[in-house]
Amino acid sequence: MIEMKKFFLVSLTFLALLGCSSDDNDPTDNDPGDDGPPPPEVSTVQLRNDATFGNILTNEDGFSLYFFSLDSKGDSNCVDGCVGSWPIFYEADLTLDNGLDAADFGAITRSDGEMQTTYKGWPLYLFANDASTSDVNGDGVNDVWYVAKPDYSIMMTQAQLVGRDSGGNETNLTDTYEPGDAQTFYMTDAEGNTLYRFVNDTNGVNNFTNDDFSNDAVWPIFEETLQNIPSILDESDFGSIDVFGRQQLTYKGWPLYYFGQDGQRGDNFGVGFPVAGVWPILNLDTETAPEAEPNAVRLQNDATFGNILTNSEGFSLYFFSLDSTGDSNCIDGCVDAWPIFYEADLTLDNGLDADDFNTITRSDGEMQTTYKGWPLYLFANDGVAGDVNGDGVGDVWYVAKPDYSIMMTQAQLVGRDSGGIETNLTDTYEPGDAQTFYMTDAEGNTLYRFVNDTNGVNNFTADDFSNNGVWPIFEENLQNIPSILDESDFGSIDVFGRQQLTYKGWPLYYFGQDAQRGDNFGVGFPVAGVWPILNPDTEAAPDAGGGSKVYEVTNQAASAYILSGEGLDNAVNPDLTLKRGETYEFNVDAPGHPFIIKSVQSTGTGNAYNDGVTNNGEASGTVTFTIPNDAPDTLFYNCEFHSPMTGTLTIID
């Protein structure tokens, strides 16, 4: 080719001389070619778009340039007879097409003394069997020659493996990681730096890198957006995974890594660290990464319920609403229908936090796994993985989800009054033993409403939140709720710049004295019924400024008044909290039992409190009470004739 160039230059000189004569200075010579611009300079390395390979590097004549995979260290290993088929490419005065960066080019002195141009550290060659400028016949020859491209993400090399163990000892290794001398075919990045896989990784799962990347310097993840690869590789074998917010390239499912001790291109010390075979190289023969063993607790997306928790086999896990205190109340025959879930070696899908899981010892001595304090169960009637037949059973079983904002429980109410006295209460806030169904947060902490609140209006919290420690507002962005609840019943209000969740218009609160999950002392404070629990039977909060608050009053023989309305449903002799300045109507339908508001809890008509009261003492009619600003803090309602028919009226501002 050099001889061709000499001949071409001589011919040009000869033709130029032939063109010279005394007529050159003739002013009548109008040949427009004489004064035209010089032809454009041809780059010594060009960038050509090939229909098959995309952008490739060529010499100035347009002939394809190539890499040799054995040259990963940057020295040429094509010597002697090899150069007859693969002529050396060298240009002393390098000029480049647009799109090529001079910093990527260099020159080496070969072992035979010749100079050779390099690109990204790879010596460049031509191919003797490329007959025309459109040929790329050298790509893939013997699986070790590749057309030179500017945008390889991956390259292949062939070299001796030299492992370095944890003690710093170096040993030549074969492709089976046994001591020995052999050339091994393997993958590098575009600059010839060796890539590795970790034998304990699984398909698409990096099991090495810490979440804070504190060990990344030892085995840095290979962060690369795949562009082009050698033609012997299959693009479909590559992928990408998220590793704590960073992207790591994978090959056949294996996450790819560098080795921190590989100081130079071509080093492959990682194959011996900490012992041989723990961090192998990768090539075409690499088998697909094994699928990870299913985690003990998985996060599955259900078409109806969204993300739910399952066991390793995909069977749904459940919460039992009676377990709000964190102990299991499913015992004896219950466990036949609702088998205990327990895993000693807990592994979790992404999206689940190990801190949310724990283990309890049940009353029967068995161990049980808990999630956010709720013991976990399976359901015997789930026939196949993916069934969620247990949700809503008895209105007390719910599929386990990671993102409940609200939960439901069933437990004995134990009220604590302002004097610290604790009393078992029923759902009408009367002393008694009964299981009451009510609402908690996701961790089983009881939620309350205030009887003097109105629809979407918090009438308790001070603007400086000075009383928030007593009744903290429930600040929660609603995500998921048990299936027996209706999402449309929930809302949110602004309370002096903070958001409080509401249910049926009632602002929701915690009680500051509820120290443990499952506590519900607030139902008795300051007296029973002022701060009720909530459940699907809770009536909608009354509208603010909507006129009188109305109670329907009937009787239970001569033993009790029965009140309904304003959040009460057939409550027996309930204590009420009334607000100064507001009006209350008592629609009395209790013949023979006159309903009297009094200052003393007694029968008869003496001590009747008549300020603001209309029709005091009605047995079949409406008693209207507009609370004066100077009303005492405590009043009573009484039957004129029967002492058991009475309740306390707590008057507040």
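The values are calculated or read from the model by the stated rules, or taken from the named source; none is laboratory data. Just so it is clear, the structure is predicted and the values come from calculations on it, not from any experiment. When we count neighbours, we look across all protein chains shown, and the Cβ atoms used for this are built from the backbone with ideal geometry, even at glycine. These accessible areas exclude ligands, DNA and RNA; they are computed on the full protein's heavy atoms, side chains included. Shrake-Rupley method; radii C 1.70, N 1.55, O 1.52, S 1.80 Å.
For the reader, a short list of remarks on this structure follows.
- One residue stands out in region 217-242 among those that are part of a loop (DSSP other than H, G, I, E, B) and aliphatic (A, V, I, L, M): the one that is surrounded by the fewest Cβ atoms within 10 Å (Cβ to Cβ), namely Ala217.
- Filtering region 423-461 to residues that are in a loop (DSSP other than H, G, I, E, B) and of a type in the set (Val, Ile, Thr) leaves Thr426, Thr428, Val451, Thr461.
- The set of residues from region 263-274 being in a loop (DSSP other than H, G, I, E, B) and either surrounded by 13 or more Cβ atoms within 10 Å (Cβ to Cβ) or of a type in the set (Gly, Ala, Ser) (or both) comprises Gly263, Arg265, Gly266, Asp267, Asn268, Phe273.
- Considering region 468-521, the residues that are under 28 Å from Asp417 (Cα atoms) and aromatic (Phe, Trp, Tyr) include one that is surrounded by the most Cβ atoms within 10 Å (Cβ to Cβ), namely Trp506.
- Residues in region 183-199 that are at pLDDT below 95 and assigned to a loop (DSSP other than H, G, I, E, B) were compared, and the one that is farthest from Pro290 (Cα to Cα) is Glu191.
- Restricted to region 547-653, the set of strands (runs of 3 or more DSSP E) holding at least 1 residues that are of a type in the set (Gly, Ala, Ser) comprises 560-565, 568-572, 620-626, 646-652.
- Taking region 85-140 as the range and being touching a Phe, Trp or Tyr at 6+ places or on another chain (Cβ under 8 Å) and aliphatic (A, V, I, L, M) as the test, the residues that pass are Ile88, Leu94, Leu96, Ala107, Met115, Leu124, Leu126, Ala128, Val136.
- Residue within region 145-163 that is more than 30 Å from Asp130 (Cα to Cα) and of a type in the set (Asp, Glu) present: no
- Within region 88-115, if we keep just the residues that are small (Gly, Ala, Ser) and out of contact with any strand residue (DSSP E or B) (no Cβ under 9 Å at 6 or more places or on another chain), the residue that is surrounded by the most Cβ atoms within 10 Å (Cβ to Cβ) turns out to be Ser111.
- Members of region 146-172 that are open to solvent by 10 Å² or more (accessible area, probe 1.4 Å), over 39 Å from the mean Cα position of the chain (by Cα) and not polar (S, T, N, Q): Ala159, Val162, Gly167, Gly168, Glu170
- Residue within region 368-384 that is among the β-branched types (Val, Ile, Thr), over 18 Å from Pro472 (Cα atoms) and open to solvent by less than 10 Å² (accessible area, probe 1.4 Å) present: yes
- The single residue among Gly365, Gly420 that is without any contact (Cβ under 8 Å) to a residue 24 or more places away in the chain, loosely packed, with under 15 Cβ neighbours inside 10 Å and in the same structural domain as Phe319 (by the TED database) turns out to be Gly365.
- Tallying residues that are crowded, with 21+ Cβ neighbours inside 10 Å and either over 20 Å from Ile281 (Cβ atoms) or not assigned by the TED database to the domain that holds Gly245 (or both) within region 190-216 yields 0.
- The conditions of being at pLDDT 95 or above, in the same structural domain as Gly518 (by the TED database) and surrounded by fewer than 19 Cβ atoms within 10 Å (Cβ to Cβ) are not met by Glu443.
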